[in-house]
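I have placed the structure first, in the form of structure tokens, so that the comments after it can refer back to it.
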Amino acid sequence: MRVDHGDQACLVSRTTFGNAEQCSGFWQGSSCGGQHRGRRDRAGSRSRTDEELGVNSRSAPSGTSLAERARRVIPGGVNSGQRSIPGLTDLVITRASGSRFWDADGREYTDYHAAFGPPLLGHNDPDVNAAVAAVGQRLDLCGVAVTDGEVELAETLAGLIPSIDKVLLTSTGSEATFHALRVSRAATGRRLVVKFQGCYHGWHDSVSLNVISAPDRVGVPDPISTGILPEVLDATLVLRFNDVAAVRAAFAEHGADIAAVIVEPVPHNVGCLLPDQEFLAALRDECTRAGSVLIFDEVITGFRHDLGGWQRISGITPDLTTLGKAIANGYPIGALGGRADLMDLFSTHPGAPAFFAGTYNGHPAVVAAALATLTKLRDEPVHEHVYRLGDRVRAGLTEVFADLGVDAVVTGYGSVFVSYFMSGPVPRTYDDLLRNDAGMFIGYRRRLPEHGIFELPLNLKRSHISYAHTDADVDRLLEATRAAVADTLAAGGVTELAGTATMGGAQAGTATMGGALPNAAGGGS
Ligand SMILES: Cc1ncc(COP(=O)(O)O)c(C=O)c1O
């Protein structure tokens, strides 16, 4: 496991992008494949044939026909915002294993999107699946009292995450952040929440603003959805990430009314902004002084970067921590934990003031998945492997862009990587990311599937490496990127960016008939 990476995982390429003038600006149109410790890519060892699985057989429906059926009965044809991607609207996925997924037409993709981050062990991990199957032999949801697995998982989380004395399970990360804010307001009796431009904390109203904002919406409220009461948005202060002075000023002015500060310690919803240590320390300091609750939203950083989360890497301990994604390798579970005095305010104590409930909370299947995932993360060199491949990817991409004469900043941390098309220095705030050339960012990702590689072609989205990825996968990624970027340059970049560049731009207030804006993206990442 790596806990001391500092910024050595961050590499920067500053080269010249010959075609810059031709490329669309950021906002244009913005309306073990064998060799790794016995890890195997199970594609070769599957016991059922493609035909049996309904993949690539003559009788199986094509992606286009399935996608058309989907659009008839599912709004937009997908079940979460940010899944219907321009240019990929006929993509229907029918199988996933290890580092790969396959579509209904039999095409294979090495997957670096990774469902926005959960499958750190790789898709369909056999040990996690076996644990889920095993618990199903003896238990399902009973909805009263507690199960043995929930006890074990809570003890495990309290042992791993520095801030956690007590912990509650949810089904999603959004529920965890929702309850973190609710209990903060319950504990302090205060109204205001502080969040940072570029951070995403789920779909609920208090935090549904200022994620991926157009330049003219930075510095003003930028809701990601209509239908939110203006007074809820008014109760959220949005500050610039890594800006200590802004934090000090907000506390000087509003400290007595700030219930909580919620932050992604590494804002990965805009790729990767590494935090200054002084910034996280200032958050801790101001919250302690003002009696506000400091919430680290570690839904992404939690287990992906370290079993103890970013709080163990940084040594800064929040009052509450929210978890999700990699905790169960893709099974739907989230968690909220922290100081006992705060957690004891939840109504799981009869009579306590902060109501907390959920029919599926602590479902034995997802609890078993989490326990199996955490066991594997602890017992096998998962972090060592993904960190090493991450370093290889970042170094390799830096070289590719330099060779091609493209201005790029390749950054990330551990298993996460992202290439911004801009000249240096390394971005520290969301404002820096406004220099990214969205046409290139999205353009070459649109071409990667032609080379069997999948990275999400939406602006500023990060990519992920899993334990199932191999050195051979990295070689292929680098070759494919070289070819896709060269083709994009030859084509003069991409000019059609509608629906791909922002996650904001909706108007405050309740939606009226016909009031929904076409560019109101919403949805998590
Ligand atoms: C940092 C962060 N917090 C919270 C959430 C919400 O989690 P979920 O989508 O499981 O509700 C996300 C989802 O992308 C996230 O990235």
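The values are calculated or read from the model by the stated rules, or taken from the named source; none is laboratory data. Predicted, not measured: the structure shown is a model, and the values here were computed from it. Here the Cβ positions follow ideal geometry from the backbone for every residue, glycine too, while neighbour counts run over all protein chains shown.
Out of the residues in region 291-308 meeting the condition of being farther than 19 Å from VAL207 by Cβ and either within 16 Å of the ligand (Cβ to nearest atom) or of a type outside the set (Gly, Ala, Ser) (or both), tell me which one is surrounded by the fewest Cβ atoms within 10 Å (Cβ to Cβ). Can you show your working first?
First, the residues of region 291-308 that are farther than 19 Å from VAL207 by Cβ: 291, 303-308.
From what's left, either within 16 Å of the ligand (Cβ to nearest atom) or of a type outside the set (Gly, Ala, Ser) (or both): 303-307.
Values: PHE303: 29, ARG304: 30, HIS305: 30, ASP306: 24, LEU307: 18.
Only one residue tops the list, namely LEU307.
Let me confirm something: among THR288, THR359, THR321, which residue is outside any helix (DSSP H, G or I), assigned by TED's automatic domain parsing to the domain that holds LEU192 and surrounded by fewer than 19 Cβ atoms within 10 Å (Cβ to Cβ)?
Details: THR288 fails: outside any helix (DSSP H, G or I); THR321 fails: surrounded by fewer than 19 Cβ atoms within 10 Å (Cβ to Cβ).
When all the criteria are applied, what remains is THR359.
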Margin query: Test of understanding: among THR348, THR373, THR322, which residue is among the polar types (S, T, N, Q) and away from the ligand (no atom under 16 Å from the Cβ)?
Written below: THR348
Checklist line | Odd one out for ASP487 among (1) more than 30 Å from PRO126 (Cβ to Cβ); (2) crowded, with 24+ Cβ neighbours inside 10 Å; (3) of a type in the set (Asp, Glu) | finding: (2)
Item checked: Which numbered condition THR172 misses (of (1) within 16 Å of the ligand (Cβ to nearest atom); (2) surrounded by 22 or more Cβ atoms within 10 Å (Cβ to Cβ)) -> (2)
Notebook entry, point to check: Cβ-Cβ below 6 Å, separation at least six or inter-chain, first residue in region 332-353 and closer than 30 Å to HIS123 by Cβ, second assigned to a loop (DSSP other than H, G, I, E, B): which pairs?
Noted result: PRO332/SER171; GLY334/THR172; GLY334/GLY324; GLY337/ILE164
Check: Could you say whether any residue in region 185-205 is more than 22 Å from LEU280 (Cα to Cα) and under 15 Å from the mean Cα position of the chain (by Cα)?
Finding: yes
Next item on the list: With the condition kept exactly as written, say whether any residue in region 499-506 is surrounded by 24 or more Cβ atoms within 10 Å (Cβ to Cβ), modelled with pLDDT of 80 or more and not aliphatic (A, V, I, L, M).
Entry: no
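Return yes or no: is GLY159 modelled with pLDDT of 95 or more, on the phi < 0 side of the Ramachandran plot and within 16 Å of the ligand (Cβ to nearest atom)? It would help to see each step written out before you state the result.
Values: modelled with pLDDT of 95 or more: yes; on the phi < 0 side of the Ramachandran plot: yes; within 16 Å of the ligand (Cβ to nearest atom): no.
In short, no.
Is there a residue in region 325-336 that is assigned to a loop (DSSP other than H, G, I, E, B), at pLDDT 95 or above, of a type in the set (A, V, I, L, M) and within 16 Å of the ligand (Cβ to nearest atom)?
Within region 325-336, the subset assigned to a loop (DSSP other than H, G, I, E, B) is 329-333.
Retained after the next criterion (residues that are at pLDDT 95 or above): 329-333.
With of a type in the set (A, V, I, L, M) added as a condition, the list becomes 333.
In the following step, the residues that additionally are within 16 Å of the ligand (Cβ to nearest atom) were identified as 333.
Among the residues of region 325-336, at least one is assigned to a loop (DSSP other than H, G, I, E, B), at pLDDT 95 or above, of a type in the set (A, V, I, L, M) and within 16 Å of the ligand (Cβ to nearest atom), which makes the answer yes.
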Notebook entry, point to check: Within region 416-429, is even one residue modelled with pLDDT of 95 or more, surrounded by fewer than 24 Cβ atoms within 10 Å (Cβ to Cβ) and assigned to a helix (DSSP H, G or I)?
Noted result: no
Margin query: Suppose we filter region 243-273 for residues that are outside any helix (DSSP H, G or I) and either within 16 Å of the ligand (Cβ to nearest atom) or modelled with pLDDT under 95 (or both); how many remain?
Written below: 11
Check: Are any residues in region 93-120 within 18 Å of the chain's Cα centre (by Cα) and of a type in the set (Phe, Trp, Tyr), and if so, which ones?
Finding: TYR112, PHE116
Note to self: Could you list, ordered by first residue, the pairs with Cβ atoms under 9 Å in which the first is in region 237-255 and among the small types (Gly, Ala, Ser) and the second is surrounded by fewer than 17 Cβ atoms within 10 Å (Cβ to Cβ), at least 6 apart or interchain?
What the structure shows: GLY255/ARG289; GLY255/GLY291
Notebook entry, point to check: Does at least one position in region 188-205 carry a residue that is in contact with a helix residue (DSSP H, G or I) (Cβ under 9 Å, 6 or more places away or on another chain), within 16 Å of the ligand (Cβ to nearest atom) and assigned to a helix (DSSP H, G or I)?
Noted result: yes
Next item on the list: Would you mention how many residues in region 126-171 are touching a strand residue (DSSP E or B) at 6+ places or on another chain (Cβ under 6 Å) and either basic (Lys, Arg) or assigned to a loop (DSSP other than H, G, I, E, B) (or both)?
Entry: 3
